[in-house]
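Notes to accompany the following structure.
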Amino acid sequence: MLEAMLKNAQAAQKEWALSHTQVRNDALEQMIHLVRRDQDKILSANRRDLDAASELPKALANRLALSPEGLSKLLQGLKVVIDQPDPLGTGMGQRTLPNGLSIEAIRVPLGTIGLIFESRPGVAIEAVALALKAGNAMILRSGHEAKGTVAAIVACWQEALTKTGFRADLVQQILDPDRKYVDALLHLRGLDLLIPRGGPALIQKVVAEATVPVIETGVGNCHVYVDRQADLDMAVNIVINAKVSNPAVCNAAETVLVHQDIAEQLLPELAKALSAQGVQLHADSRALSLIPGAVLATNEDFAKEYLSLDLAVRVVANIDEAIAHIEQYGTKHSETIVTNDYSQGERFLKMVDAAAVYINASTRFTDGYQFGFGGEVGISTQKLHARGPMGLEALTTWKWVGRGHGQIRS
């Protein structure tokens, strides 16, 4: 089955890659119209998925749920993608050799992309929009809990493509819930790229077992380090936002590191503010006495991506100890320092190895929509090809083009 899907996707993508920017934008415009038309159908499918997945953990149920407001935001993202410059055909590094041969690297589509994701059906809108604008085809495998919602969204994509004069095979969904199809996708020879979006177990399985190219995404054990020179009110606001605004996402903070010189002043106020939001604190021995209601943190707590209203807290001696902690426990996703000391902030930016590093800002900004991409296919935590929120350019590669007039190599 997957071989046939891939063959059809590749044939459709070859035609699609030659299309003009306006044609691809027209397909996205059609998608906006069709989702608005079928909003009730999509939301009804989502309610059925939610009813069937009543035993899901709260964090996954929150990811699964779609609302009219959520759909509206996804469509706003589509408009941003439409307005973005077309990356295809843009050049870099043009040069003319001494023999007159002109060479240039130009952006071209990756080809056919597989996307395995779990319970967030909105991915089928934002990720597909970016992949299509960048000239690619997509094969989707959602978690079984989101299958109905994703099917309703894919039906809109396929209608949008056919109305634009292209093949519906550009966007396909693996509907069979059998896990053997996930395993088959990991080894689907000819697939240009496979992207997993989900929990640690899914991502680790794909990275460990796939024999096709993979981009590792998404696990987020993110930290906020509050330096000795921090504005404490700012620190409290940043921690609250990074933890509470949406605890079930990969850019939420999971650990706060506090400089020892301000711990007695900051931690009681921070704990009070977090407690009011229902956050359970897991504190190291130095922080525990300053935080009423906290529990003693273990090494496992500092390594955990909670995705819930839980937060680990540790008191550190200095910025170097904070950076060492992040190096030991972080997942190279998003890290931030709160400080009014310019040199310490710049040191943090340079020394911390992560896809996104901030001074005096919430980790929650690591997001394709927030970065102005209109959405994201995933947040890459690796270093090769793509890093951070993956927008249009991350879904292309380079082709070197040479233009000559009879040159031969001596």
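The values are calculated or read from the model by the stated rules, or taken from the named source; none is laboratory data. Just so it is clear, the structure is predicted and the values come from calculations on it, not from any experiment. FYI the Cβ positions are ideal-geometry reconstructions off the backbone, even for glycines, and counts take in every protein chain you see. Areas reflect the complete protein model, heavy atoms only, side chains present, ligands, DNA and RNA absent. Shrake-Rupley method; radii C 1.70, N 1.55, O 1.52, S 1.80 Å.
Please list 369, 181 from largest to smallest accessible area, probe radius 1.4 Å, with all protein chains kept in place.
369, 181
Ranked highest first by average number of other Cβ atoms within 10 Å, how do 148-156, 53-61, 78-86 line up?
Ranked from most to least packed, the peptides come out as 148-156, 78-86, 53-61.
Can you work out the Karplus-derived ³J(HN,Hα) for every residue in the stretch 313-320? Use 6.51 cos²θ - 1.76 cosθ + 1.60 with θ = phi - 60°, whole Hz, and x for glycine or proline.
9, 9, 8, 10, 6, 6, 5, 5
Taking the alpha-carbon centroid of each part, what is the distance from the stretch 351-410 to the stretch 8-32 in angstrom?
After rounding, the separation between the Cα centres reads 22 Å.
Given 0.36 nm per residue, what is the gain on full extension from residue 341 to residue 209 after removing their alpha carbon distance, in nm?
43.0 nm
Calculated from the structure, mean projected area of the Cα convex hull in nm² equals which of (1) 21.3; (2) 23.3; (3) 26.7?
Only one option fits the structure, namely (2).
Rounded to two decimals, what ratio of Rg to Rh does the stretch 52-150 give with C-alpha atoms and a Kirkwood Rh?
Here Rg/Rh amounts to 1.19.
Mind listing P(r) for the stretch 161-239? All alpha-carbon pairs, 5 Å bins, whole percents.
P(r) over the stretch 161-239, rounded to whole percents: 3, 12, 15, 15, 12, 9, 9, 8, 7, 7, 5, 1, 0.
With axes computed from alpha carbons, what is the tilt in degrees of helix 2-16 against the longest principal axis of the chain, rounded to the nearest 10 within 0 to 90?
With rounding to tens, the tilt is 70 degrees.
Once fully extended, how much extra length lies between residue 99 and residue 269, figured as 0.36 nm per residue of separation less the alpha-carbon to alpha-carbon distance?
Details: separation 170, 0.36 × 170 = 61.20 nm, distance 7.03 nm.
Going from the current span to full extension adds 54.2 nm.
For residue 33, what accessible surface area do you get with a 1.4 Å probe? Give it in Å², rounded to 10.
Per-residue accessible area (residue 33): approximately 110 Å².
How much accessible surface does residue 95 have with a 1.4 Å probe, in Å² rounded to 10?
Only protein atoms counted, so the area is about 130 Å².
With all protein chains present, calculate the accessible area of residue 26 using a 1.4 Å probe and round the result to the nearest 10 Å².
Using a 1.4 Å probe on the heavy atoms, I get roughly 60 Å².
Please list 246-254, 347-355 highest first by mean number of surrounding beta-carbon atoms within 10 Å per residue.
So the peptides 246-254, 347-355, ranked by packing, come out 246-254, 347-355.
Roughly how many whole Å is it from the C-alpha centroid of the stretch 73-93 to that of the stretch 127-204?
Cα centres, the stretch 73-93 to the stretch 127-204: 20 Å.
Taking a ≥ b ≥ c as the square roots of the Cα gyration tensor eigenvalues, with a/c under 1.5 meaning rounded and otherwise prolate when a/b beats b/c, else oblate, which class fits the stretch 154-301?
Prolate is the answer for the stretch 154-301, as a/c is 1.5 or above and a/b outweighs b/c.
Given a 1.4 angstrom probe, I'd like the percentage of the accessible area of the stretch 64-108 that is carbon and sulfur, rounded to a whole number. Let's see the in-between values first.
On the way: 1330 of 2350 Å².
The computed percentage sits at 57.
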